[in-house]
Structure formats: C-alpha cells, structure tokens
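Worksheet for the structure shown next.
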Amino acid sequence: QPQINLATLDIEGKAYDAAAARLNAVLARDDKNLEAMETLARLHERRGQLVDAQRWLTKAADSAGPDNLHPALTLVEFHLSHNQLAAAKEAGKQLTGKAPDALPVLVMLARVHLAHQELVPARANLTRAATLASQNPTLLLKIALLQSSAGHLPGAAYSLGKALVERPNFLAAQALLAEVQIRQGELDKADQQVRQIIASHPQSGVGYSLQG
C-alpha cells in the first residue's frame, strides 16, 4: 500500500512520528493489515521500544492465516537478533504448529536450536532442509554455514556439493567446501578444490589465501 511504502521511507529518514501517523491511519481502516503491523514493529524497534515492537510482531503472527509464515518467522528473527533465546524458542513453537516441514521453518528452528547449543535437533533440521533446498544454491550455502557451526561437517560438505551441482563456479560455496575438507582432514580433496577455485576465479585472492 502507498501509505505503508511512505511510512517505510519515513522510518529510513528517521521521521518516526510521520511514519507512526501513517501506519496508525492504515490500521484504523484495516486492523488486520499484517504489513502495517510489521512495519509499526520495525518503527518501535528503531526507536528502541522493544516491548512495543514485540507486541506488534506477536499480534501480526497471531493474526496471520495458516499459510502465511512470514510474521511468525519475523517474530523469531526479532527474538534471536536481541538475544531473547527463551522467547525465540517459544515463538518457534508457533512455526512448528503451522508448518513443521516448511523449508524456512526448518532453517529458522535450526538457528534457534543452535542458539541454545542443541546440536542434535539443529543438525536434524538442517539435514531435512538441505534435502528440500536441492535447487537453491544460495540457500544451500546458508544451510552449509549453519551445519558447519553445528559441527556437522559431512552435512555441510553434502549441502555444498549440491550447491555446486546447480552453480559449478559458485565461489563462496567452493571456498567453504575447501575449508570443510581441511577441517575433515581431507587434504587431497581440499587441494584439488583450491586448484579449481584458482582456475575458475583467477582474479580472486580466495584460492591463493586457502592455498597458503
């Protein structure tokens, strides 16, 4: 909606009162407008009013239909970004209830588990996510990074291998795969991967830094 777009510009320009007026006017006409709720939450967050931000994000998550995961995902992200780990875990239950096997839910829940140092369920969620993300190399890289953080190096190597099937010269995936292979002690494979990086990206210093 135009008023929400203008409110977003107001927030970026730190015209917070103007943004609040626009968003409150939208909600006065349509009190179920999820985009307005989420934007109002972002406004409160920018102002440092975290309780109000959480209130609007929770309202948006509670008001969303069963197929709309965005508000609930945003709520969990909010809690994680502010190190509210218990609240993130509680909000994650809403995601589990809505769509336990949805790809973005699996990734978000894995992040919550990692924040709580719960490595076994984190690894399980990421393994399932990697299976679903088979044709999305960017998402597979993100999953592999989380798998690496969870200490699941074989899983990370698997995800990166799938990413490189879809995008053979994906530099970030190539570099991470070489690092994973080094951590696993697969030095011959890592050396071969580094040589491939240098051959496919001769202008980048990534391959040479790994070689050194």
State which entries of Lys32/Lys98; Lys93/Lys162; Lys14/Lys89; Lys162/Lys189; Lys89/Lys162; Lys142/Lys189 exceed 25 angstrom in Cα-Cα distance in the structure shown.
Lys93/Lys162; Lys14/Lys89; Lys89/Lys162
Could the peptides 56-62, 77-83 be put in order, highest first, of the mean number of other beta-carbon atoms found within 10 Å of their residues?
56-62, 77-83
Answer label for Cα extents along the principal axes in Å (calculated), chosen among (i) 64, 38, 28; (ii) 54, 42, 31; (iii) 68, 35, 32
(i)
Determine how large the accessible area of Val194 is when every protein chain is in place; take a 1.4 Å probe and give Å² rounded to the nearest 10.
10 Å²
Measuring from its Cα centre, the chain shows a charge dipole (+1 at each Lys and Arg Cβ, -1 at each Asp and Glu Cβ) which, in debye to the nearest 20, is 140 debye
Can you pull the one-decimal nm distance between simple spin-label points at Asn24 and Asp62, each 7 Å off the Cα toward Cβ?
2.1 nm
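The values are calculated or read from the model by the stated rules, or taken from the named source; none is laboratory data. Here the structure is a predicted model, which is why all the values come from computation and not from measurement. Backbone-built Cβ (ideal geometry, glycine too); neighbour counts: all protein chains shown. Note: areas computed on protein heavy atoms with side chains; ligands, DNA, RNA excluded. Shrake-Rupley method; radii C 1.70, N 1.55, O 1.52, S 1.80 Å.
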